[in-house]
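What follows is a single structure, written as structure tokens, with notes after it.
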Amino acid sequence: MVSEWRFGRGLSIAILCIAPLGTALEPQVGWAQGAPTDPPPSQPPARQPPEQGGADAAPQPPADRPPEGGGGGGAGTGGEAQGGAPEGGPGPTAKPLPDKDAATKKKAETAPTAPPEPPKEPEHKGSFEFGSYGRVVAAVNGDGGPGHDADIVSHGSRMDEDNYAEAELRREDDWGKTGIHTNVVVTLAIASPVFHWSGDFELNAAIRNLYLEARDIGVKGLAAWAGSRMVRGDDIYLLDWWPLDNLNLLGAGVSYAHEVGTAGQLVVGATQPNVPFFKQTVERPAPLDQFGSVSVPLLDRQKLIGALRLSHNQKFGDRDKPGPGVKAVLYGEGYTLPEGKHEPEPGAELEQLPSDGGFSIGGQVTLYSGKRDTFVHVFARYSSNLAAYGQFTAPGQLNLEKTTSGAREIVVATAGNAEIEFFGVMMGAYFRSFRDASEALNFEDVDEGAVVLRPTFFLGDIAGISLEGTFEMAQRGVLHQNPDAPEGAPEGPAIGSIWRVGIIPYISPAGRGDYVRPHLRAIYNLAVRDETARQFYPVDHPFREHKLEHFFGLGAEWWFNSSSYGF
């Protein structure tokens, strides 16, 4: 028994001495067994803790390797097999190879989940927008006939204006690659008569805007446009008039507006009114002795117009909050017209028309409080030669050289609005003096002006009552006494005037404010003409017969999201 104990103890000591040798031979044993290659250094094999078996438990192999000595142990194969069997004894049953897919899946399940990447901002954003301005009215006069505009000046009260509307479709796009914003604008204008009044299934329409504009072109505030566009600044609402800048151009423009309030705009374009001063078509024999005749554009010239507008808006206090300020504007226009030839009458000798031109220069100062649309505008403008006639008006009287040299127009105007609590008041006024290119006075030579005042009482937030008073005066030049004129007709310059008073009760769904729209409203206006003012109309014209003119109307006015105002 003693010898057996000693033999067993010695064998145990031998096994403990051989175990380290087996561990040292691990790489060679693994190569002999065809073990898979080691994983890449970036993913080192995880070591498992030793099996629970006391102090003499052998260290375990990596999890992704087969157990060492898997084919049976022996003195020449690394000594003791896993499980601590005595040397020379039967080898233990080898453990199955680990499941690589299962281990990988387990690692993936236990690995922390990466947060999802935030969605990328789209490179392009686009939308369709709709805007509109409109006024519609059904009106009668004191005799039950249709109501008409009773003004005797070029720009009078808008209380009795006719139907007019604009429908604007606009495409807005933000291009992420360049940071540029673009607008494509199409504005259709519709004027009287409308079908429900005339029964005529035709449309009195025009395209007022048809252009592409790009903004923030490389630099914030830099913009350019090309197409057909209304180019406008500030208006006198009560007179429906833009006294400083109001162009309708087929052309292009560029502008820059700095965040401090300074801006500049340059536009160029062309226009050709459909009148004989610019365009004449004649009939001529067909070419190469063919039968018949063809139409030939004998006179075909257009006005080229350029305009420059510089402005600065100085706001006091925080620029991001409403507050008082002052805006100053300098404005100029240049006109040029090429030479041409025309035929005074069929078969007559052709006449040469010389080239022509003109310019306008003016300015504007605006003071505003920043509270409830309270402001005042002051405008001044001087125009010479071709520019004095306006954009679409054809010169009626030329000088001896058949040009517009000598014509001029002077305009001084003002507009304003103030609102306090339940009360608001709007005002507008202007004076205009025009002389054509001929030396003698005629009916086209005019000095005119108007003053209009509209106080409004706001009845809560949904209704109001506006009162309006207007005075208009015009002086017309007369060459000589018409032998067929009635007794008392003027023989020289004639001065006529008209007083107008009116009332407008209305409903305002958008709340109170003189410039808040839409409105549903009723209109009554009374015009009182003096004797000379009635002489401004031709014989048998109703306005020549009536000293008093009544206007009763029911209608609406609206504006929203429109590009037709301002540039």
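The values are calculated or read from the model by the stated rules, or taken from the named source; none is laboratory data. Given the structure is predicted, the values throughout are model-derived calculations rather than measurements. Reconstructed Cβ throughout: ideal geometry from the backbone, glycine too, with neighbour counts over all protein chains shown.
I'm trying to understand the selection: among the residues of segment 370-397, which are over 23 Å from Met230 (Cβ atoms), among the small types (Gly, Ala, Ser), in contact with a Gly (Cβ under 8 Å, 6 or more places away or on another chain) and in contact (Cβ under 8 Å) with a residue 40 or more places away in the chain?
Gly370
Give the residue, chosen from Gly511, Gly488, Gly469, Gly502, that is at positive phi and at pLDDT 95 or above.
On inspection, the qualifying residue turns out to be Gly511.
Show me the strands (runs of 3 or more DSSP E) entirely contained within segment 243-300 in which 2 or more residues are over 19 Å from the mean Cα position of the chain (by Cα). If you could, list the steps in order and put the result at the bottom.
Details: elements: 246-257, 262-271, 279-285, 293-300.
Ranges flagged: 262-271, 279-285, 293-300.
So which residues in segment 519-567 are aliphatic (A, V, I, L, M) and closer than 25 Å to Ala494 by Cβ, if there are any at all?
Residues satisfying the conditions are Leu526, Ala527, Val528, Ala533, Val539, Leu548.
Residues are listed down the side, and each one gets a yes or a no for (1) in contact with a Ser or Thr (Cβ under 8 Å, 6 or more places away or on another chain); (2) closer than 29 Å to Leu244 by Cβ; (3) surrounded by fewer than 20 Cβ atoms within 10 Å (Cβ to Cβ); (4) assigned by TED's automatic domain parsing to the domain that holds Pro243:
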| site | (1), (2), (3), (4) |
| --- | --- |
| Trp499 | yes, yes, yes, yes |
| Asp514 | yes, yes, no, yes |
| Asn525 | yes, yes, no, yes |
| Asp540 | no, no, yes, yes |
| Lys547 | no, no, yes, yes |
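For segment 224-237, how many residues meet the condition of being farther than 15 Å from Phe379 by Cα and of a type outside the set (Val, Ile, Thr)?
7
Hey, could you check segment 341-352 for residues that are assigned to a strand (DSSP E or B) and in contact with a Pro (Cβ under 9 Å, 6 or more places away or on another chain) and say which is surrounded by the most Cβ atoms within 10 Å (Cβ to Cβ)?
His342
So, in segment 390-406, of the ones that are under 18 Å from Glu339 (Cβ atoms) and not charged (D, E, K, R), which residue ends up surrounded by the fewest Cβ atoms within 10 Å (Cβ to Cβ)?
The extreme case among them is Leu400.
For Tyr382, are the conditions met, namely being hydroxyl-bearing (Ser, Thr, Tyr) and under 30 Å from Lys315 (Cα atoms)?
Details: hydroxyl-bearing (Ser, Thr, Tyr): yes; under 30 Å from Lys315 (Cα atoms): yes.
Taking the combined requirement at face value, the residue satisfies it.
Among Leu298, Leu337, which is on the phi < 0 side of the Ramachandran plot, surrounded by 18 or more Cβ atoms within 10 Å (Cβ to Cβ) and either among the aliphatic types (A, V, I, L, M) or assigned by TED's automatic domain parsing to the domain that holds Ser383 (or both)? Quick ask: steps written out before the conclusion?
Values: Leu298 fails: surrounded by 18 or more Cβ atoms within 10 Å (Cβ to Cβ).
Result: Leu337 is the single residue among Leu298, Leu337 that is on the phi < 0 side of the Ramachandran plot, surrounded by 18 or more Cβ atoms within 10 Å (Cβ to Cβ) and either among the aliphatic types (A, V, I, L, M) or assigned by TED's automatic domain parsing to the domain that holds Ser383 (or both).
So which residues in segment 301-317 are at negative phi and more than 25 Å from the chain's Cα centre (by Cα), if there are any at all?
The answer is Arg301, Gln302, Lys303, Leu304, Phe316.
Here is a check on your reading of the model: is Ala415 within 31 Å of the chain's Cα centre (by Cα) and either surrounded by fewer than 16 Cβ atoms within 10 Å (Cβ to Cβ) or in a strand (DSSP E or B) (or both)?
Yes.
Could we say that Val184 is within 28 Å of Ile523 (Cα to Cα), surrounded by 15 or more Cβ atoms within 10 Å (Cβ to Cβ) and of a type in the set (A, V, I, L, M) here?
Taking the combined requirement at face value, the residue does not satisfy it.
With the checklist (1) surrounded by fewer than 17 Cβ atoms within 10 Å (Cβ to Cβ); (2) within 26 Å of Ser255 (Cβ to Cβ) in hand, flag the one item Ser311 doesn't pass.
Ser311 satisfies all of (1) surrounded by fewer than 17 Cβ atoms within 10 Å (Cβ to Cβ); (2) within 26 Å of Ser255 (Cβ to Cβ) except (1).
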